[in-house]
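Quick notes on the structure that follows.
Coordinate-derived values only; no laboratory data. As the structure is a prediction and not an experimental result, all values here were calculated from the model. Cβ placement follows ideal geometry from the backbone for every residue including glycine, while neighbour counts extend to all protein chains displayed.
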Amino acid sequence: MTADGADWAGIWAILEPVVREGETYPLDRDLGEEAVRAYWHAADKQVFVARDDKDAIVGTYYLKPNSTGPAAHVANCGYAVRPDQRGKGVAQALCRHSLEEARRQGYRAMQYNLVVSTNTRAVRLWQHMGFALVGTLPGAFRHPTLGYVDAYVMVQELV
């Protein structure tokens with residue numbers, strides 16, 4: 001499930017529509033492929049993929065420390081699912097794997113810093129997976145059609 005260099009085409013096929021939609025990630029909608037690749041594969045991130053029974057990549061996530069130094073024991077993740085696979089349990093499987101991997105690596109908690117409030121499927125899923133909504137960031141996300149919307153901070157203890 002760990003991604004390698006050969007997986008980029010499949011990851012990009014997932015990330016490009018997410019970036020272009022502009023509804024869930026704090027990335028400019030016009031970012032090019034290399035900029036998105038640099039973001040997703042930044043040095044502090046480990047990248048994972050989920051595959052279907054035909055070995056096609058259907059989802060991806062990154063795992064990284066949420067901060068540095070005395071706060072590096074808290075993990076952070078970002079997830080994306082191929083548009084035609086949404087609603088089929090891929091995001092839940094990615095989340096489950098990320099929680100297991102974070103525990104295995106010794107993280108004590110996982111924090112999502114910017115869950116867009118209008119992304120109700122994600123909010124419901126993260127709560128189902130055990131995350132608590134611990135804060136609201138008023139107007140923190142500029143949605144392409146709704147304007148400024150709130151974002152949530154969500155966290156789950158892992159120990």
For this session: State the antiparallel share, in %, of DSSP beta bridges confined to the stretch 68-159, rounding to the nearest 5.
Result: 90 percent
For this session: Mind running the shape call on the stretch 1-154? Use the C-alpha gyration tensor, a ≥ b ≥ c as the square roots of the eigenvalues: rounded below 1.5 for a/c, prolate if a/b tops b/c, oblate otherwise.
Result: rounded
Seminar exercise, completed: By the mean-Cβ-within-10 Å protection proxy, highest first, 117-128, 133-144, 11-22 rank as 11-22, 117-128, 133-144
Problem set entry | Prolate/oblate/rounded call for the stretch 15-96, Cα gyration tensor, a/c under 1.5 rounded | oblate
For this session: Find how much the distance from Leu133 to Lys88 grows on full extension, using 0.36 nm per residue of separation minus their present alpha carbon separation; answer in nm with one decimal.
Result: 13.8 nm
Exercise. What is the chain's relative contact order, in percent, from Cα pairs under 8 angstrom and six or more apart in sequence?
Worked result: 19 percent
Exercise. For the chain, what is the percent of antiparallel DSSP beta bridges, rounded to the nearest 5?
Worked result: 95 percent
Exercise. So what's the gap between the Cα centers of the stretch 96-159 and the stretch 1-71, to the nearest angstrom?
Worked result: 17 Å
